[in-house]
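Undergrad: Please find one structure pasted underneath; my questions will follow.
Laboratory data are not the source of any read-out in this text; all were calculated from the coordinates shown. Small disclaimer: the values here were computed from a predicted structure and weren't measured. As a convention, Cβ positions derive from the backbone with ideal geometry for all residues, glycine included, and neighbour counts pool all protein chains shown.
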Amino acid sequence: MARVIFLGGLGRSGTTLIERVLGEVPGICALGEVVHLWQRDLRDDERCGCGEHFWGCDFWERVGVAAFGGWHRVDVHRVLALRDLVERTRHIPRLATRVPTSYAELVREYADYYVRIYEAAANVSGASVIVDSSKHSALAHVLRYATGPRAETPLDLRVLHVVRDARGVAYSWTKKVTRPESSHDEMTRYAPARSALLWTAHNAAFALLRRRGVRVRRLRYEEVLADPQGSLRRLVAFAGLDPSAVDLSWLERDQVTLGVSHSAAGNPMRFTTGQLALRYDDAWRTKLAPRQRAVVNAVCAPMLKAYGYDLAAKPPARTEEVAA
């Protein structure tokens with residue numbers, strides 16, 4: 001069974017960039033936000049990161065055959081019903097405790113759909129590590145109940161908890177971004193107060209996951225931009241691979257060269273190929289209104305301090321990675 005690196009955190013925290021960079025490493029296959037595959041891809045046939053529509057993508061066709069005997073054999077309505085029953089933020093307190101047998105059976109049934117995709121993607125790609133950038137803290141808690149192809153074997157799940165300054169996240173959620181899959185749809189937007197509450201809740205959920213025995217490593221997005229190669233070497237080691245054997249000539253301090261991905265869903269960056277500049281997106285320092293910044297600081301102050309961020313909005317000093 002392949003190892004699974006689950007990228008967790010609130011959206012707009014830089015997970016798509018980290019996923020794309022990890023996906024360039026030999027032996028690692030990045031799948032994008034698998035949590036959205038059922039609705040956006042199986043049901044709505046949106047585009048894969050390679051540019052093809054999902055149902056026309058050769059990679060995902062082979063994954064579907066290996067996982068289920070073909071995607072047509074997946075009951076999408078059943079998967080979405082299970083999602084609503086077990087994979088919601090409000091269910092995390094229940095998932096983090098000893099759940100009743102009947103409920104655990106539903107959780108494991110839902111988790112099994114993901115395990116099948118992970119294993120099939122590993123077989124199709126030849127990779128030993130699969131990256132799922134779904135981000136949802138509730139899904140990470142669900143996967144704690146997953147087993148490998150043999151029921152007695154636990155899923156080798158490793159969670160990378162990605163954190164970005166809450167004020168940068170809050171400003172990003174206010175921006176209007178058109179989804180490339182549809183010229184009529186925009187990506188979700190949140191007011192700063194709402195995103196601050198979500199930032200706190202999701203990050204706390206990943207800390208709880210570690211206390212339940214899951215391997216969790218925290219990584220600040222700002223540290224990736226400060227030291228791309230050093231950060232990637234540490235992530236490769238976390239994935240169980242040998243960082244000394246990886247050629248990182250395609251990753252420089254200020255840019256990365258990306259190939260074609262098969263990201264199932266996520267940020268528009270999943271369609272980007274070629275050279276991509278690596279730079280701090282710190283427009284929030286001047287564009288996030290003082291009142292909005294004060295709200296985010298008030299809600300997020302304890303965790304901002306714990307993660308090493310300066311409430312005075314100065315650039316955070318580089319620190320060693322700390323387990324969540």
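Undergrad: Nearest 5 is fine: what % of DSSP beta bridges in the range 3-306 come out antiparallel, could you say?
TA: Counting DSSP beta bridges with both partners in the range 3-306, the antiparallel share is about 30 percent.
Undergrad: Nearest 10 degrees, 0 to 90: what angle lies between the long axis of helix 76-86 and the longest principal axis of the chain (Cα atoms)?
TA: 50
Undergrad: How large is ³J(HN,Hα), in whole Hz, for each residue of the range 97-104 in order, when computed from phi with the Karplus curve 6.51 cos²θ - 1.76 cosθ + 1.60 and θ = phi - 60°, using x for Gly and Pro?
TA: 10, 7, 8, x, 4, 4, 6, 4
Undergrad: Then there is this: Express the relative contact order of the chain as a whole percentage, based on alpha carbon pairs under 8 Å and six or more residues apart in sequence.
TA: 28
Undergrad: Further question: What is the sum of charges, Lys and Arg at +1 and Asp and Glu at -1, for the other residues whose Cβ falls under 11 Å from the Cβ of Trp284?
TA: Numbers: positive: Arg12, Arg164, Arg167, Lys175, Arg285, Lys287, Arg293; negative: Asp165, Asp281, Asp282.
Counting the neighbours of Trp284, the net charge comes to +4.
Undergrad: Applying the Karplus parametrisation 6.51 cos²θ - 1.76 cosθ + 1.60 with θ = phi - 60° to the phi angles of the range 267-273, what ³J(HN,Hα) value in whole Hz is obtained for each residue in order, glycine and proline being reported as x?
TA: 4, x, 4, 5, 8, 6, 10
Undergrad: Please list 3J(HN,Hα) in residue order for the range 243-258, calculated via the Karplus relation 6.51 cos²θ - 1.76 cosθ + 1.60 where θ = phi - 60°; whole Hz, with x for glycine and proline.
TA: So the J values, rounded to whole Hz, are x, 6, 8, 9, 7, 10, 5, 7, 10, 10, 5, 10, 7, 9, 9, 10.
Undergrad: Return the distance in nm (one decimal) between the two label points of a simple spin-label model at Ala301 and Val260, each offset 7 Å from Cα along Cα→Cβ.
TA: 5.2
Undergrad: List every residue whose amide H lies under 5 Å from the amide H of Glu87, counting only residues 5 or more places away in sequence or on a different chain, with H placed 1.01 Å from N in the peptide plane.
TA: For Glu87, no residues qualify.
Undergrad: For Glu61 and Tyr103 in one chain, what is 0.36 nm times their gap in residues minus the Cα-Cα distance, to one decimal in nm?
TA: Extending this stretch completely gives an extra 12.0 nm.
Undergrad: Using C-alpha positions alone, give me the convex hull volume of the chain per residue in cubic angstrom.
TA: Residue-normalised Cα hull volume stands at 132 Å³.
Undergrad: Taking DSSP loops as anything outside H, G, I, E and B, show the longest stretch in the chain free of chymotrypsin sites (Phe, Trp or Tyr not before Pro) there with at most 14 other beta carbons within 10 Å.
TA: Here the longest segment lacking exposed loop sites spans 1-249.
Undergrad: Still on this structure, I have one more. Modelled label-to-label distance, Ala204 and Leu80, 7 Å Cα→beta-carbon offset: nm?
TA: 3.1
Undergrad: Related question: Rounded to the nearest 0.05, what FRET efficiency is calculated for Asp282 and Leu197 with R0 set to 30 Å and r the Cβ-Cβ distance?
TA: 0.85
Undergrad: While we're here: Which whole-percent values make up P(r) of the range 188-313 when all C-alpha to C-alpha distances are grouped in 10 Å steps starting at zero?
TA: Going out from 0 Å in 10 Å bins, the range 188-313 shows 10, 29, 37, 22, 2 percent.
Undergrad: While we're here: Where in the range 89-168 are there trypsin sites (Lys or Arg not before Pro) that are in a DSSP coil and have at most 10 other Cβ atoms within 10 angstrom of their Cβ?
TA: Arg98, Arg150
Undergrad: How much length, in nm to one decimal, is gained on full extension between Asp44 and Met187, taken as 0.36 nm per residue of separation minus their Cα-Cα distance?
TA: 49.9 nm
Undergrad: Moving to a separate point now. Subtract the Cα-Cα distance of Glu252 and Ala289 from 0.36 nm times their separation in residues, and report this length gain in nm to one decimal.
TA: 10.0 nm
Undergrad: Relative to the longest principal axis of the C-alpha atoms of the chain, give the angle of the C-alpha long axis of helix 228-238, reported between 0 and 90° and rounded to the nearest 10°.
TA: Its long axis makes an angle of about 40 degrees.
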